[in-house]
Amino acid sequence: MAYVHRAEGTSQRGVPGAAEPDNVLRFTRSDRPLIQDPSPIALAQLIEAEIIPRLLAAHQGGDRSEVIPMNTGIISPAELERFARQSFVEDLGQLMEHVDLFMRRGVAVETIYFDLLSPAAKLLGEMWEDDQCTFADVTVGLCRLQQIIYEFADRVHVENGGGDGRTALFALTPGDQHSLGLIMVVEFFRQSGWRTICMPDATAEDLVHMVETESFDLIGFSMANEKWLEPLPHLIGCLRKASRNQQVRVMVGGRVFSDDPRRVAQVGADETASDARQAVQMAARLVSTPQAVA
């Protein structure tokens, strides 16, 4: 039987006297110009937060791209490349320190997901194709990036969360091995209130048995390599036929479908999405819309 990861959607718990739920992480800093607050404390904060980091970065001998960007909520291309290389030479604790430093600088958690972790995984693949690292390096790096996703799962806040009992089953297309994107999607659905079951190593038989056993509103597949495309239409057809919920919707994602959106209809799916944020929004619309009768 395939490994199954279950996650319940988080509730929007209120904090007495606070306007936001306690699972929302906010970063704030004063944007007032010094002329309105010329105190030594304000000046010291400006020097510490803005000036010293740039001086240190410039002093390290890097080019202009190495300097911390003026908008500190943005991750620069040089920082992304450096982090991708660090992912397979440093341990998880050191990588988490780098990520925490980004966040203390004002980088939002969703930016960490979509502008650091996800692009770093893609960059590792490109580095391997260009012989800049070994396959073992890529494997170690992807494993560490996946661990960071789990570490930061509870810090992600997705707007317009569900929390109404919707259920989703997620899997890689049988045979595929690239689970990082799938894990990120599952976490975003969980944070938006969905009850999720993730079966990254499931066989076709495992998935059919699961939809026969439990009722799902949505089934999601992730695919990175088109060589697994051919058996998917048959599998989706079997899942629709076996599903306890005859109105179940199917979404597909990954590079195979972003490269050619026509493949969505070819495999018998209902929709695709470019990233986890869009997938959550698209799934909400799909599940709330009655399915047309053929």
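Quick one: if the Förster radius is 22 Å, what FRET efficiency do Phe114 and Gln147 give, using the C-beta to C-beta distance and rounding to 0.05?
Values: r = 18 Å, r/R0 = 0.81.
Once the sixth-power term is evaluated, E becomes 0.80.
At a Förster distance of 25 Å, what's the computed FRET efficiency of Ser274 paired with Asp100, Cβ-Cβ distance as r, to 0.05?
Details: r = 28 Å, r/R0 = 1.13.
After rounding to 0.05, the efficiency reads 0.35.
Mind checking the per residue accessible area of segment 79-151 for me, 1.4 Å probe, whole number of Å²?
Working: 3590 Å² over 73 residues.
On a per-residue basis, 49 Å².
Modelling each spin label as a point 7 Å along the Cα-to-Cβ direction, I'd like the His209/Lys227 distance in nm, to one decimal.
With each label placed 7 Å out from Cα toward Cβ, I get 2.7 nm.
Pick out, in residue order, every one of the trypsin sites (Lys or Arg not before Pro) in segment 194-294 that is DSSP loop and has at most 13 other C-beta atoms within 10 Å; say none if there are none. Don't skip to the end; give the middle numbers.
Values: sites: Arg195, Lys227, Arg240, Lys241, Arg244, Arg249, Arg255, Arg262, Arg263, Arg277, Arg285; in loops: Arg244, Arg262.
Filter output for segment 194-294: Arg244, Arg262.
Per the 1.4 Å probe, what fraction of the accessible area of segment 103-154, in percent, lies on carbon and sulfur atoms?
Carbon-and-sulfur percentage of accessible area, whole number: 49.
Extension gain Arg285-Asp201, at 0.36 nm per residue separation less the Cα-Cα distance, in nm? Please list the in-between numbers first.
Working: separation 84, 0.36 × 84 = 30.24 nm, distance 2.79 nm.
Fully extending the segment from Arg285 to Asp201 adds 27.4 nm.
Under 10 Å from the Cβ of Asn245, count the other residues' Cβ atoms, weight Lys and Arg +1, Asp and Glu -1, and hand me the total. Intermediate results must be reported in sequence, preceding the final value.
On the way: positive: Arg240, Arg244, Arg249; negative: Glu214, Asp217.
That sum, taken over residues with Cβ under 10 Å, equals +1.
For Ala242 and Lys122, compute 0.36 nm times the residue count separating them, minus their Cα-Cα distance, and round to one decimal in nm. Intermediate values should be presented prior to the final figure.
Details: separation 120, 0.36 × 120 = 43.20 nm, distance 3.54 nm.
Going from the current span to full extension adds 39.7 nm.
Between Ser258 and His234, what FRET efficiency follows from the Cβ-Cβ distance if R0 is 22 Å, with the result rounded to 0.05? Mind dumping the intermediate values first?
Values: r = 23 Å, r/R0 = 1.03.
The computed FRET efficiency comes out at 0.45.
The values are calculated or read from the model by the stated rules, or taken from the named source; none is laboratory data. Treat the numbers as computed from the prediction; the structure is a model and nothing was measured. Every residue, glycine among them, receives a Cβ derived from its backbone with ideal geometry; neighbour counts consider all protein chains shown. Heads up: the accessible areas ignore ligands, DNA and RNA and are worked out on the full protein's heavy atoms, side chains in. Shrake-Rupley method; radii C 1.70, N 1.55, O 1.52, S 1.80 Å.
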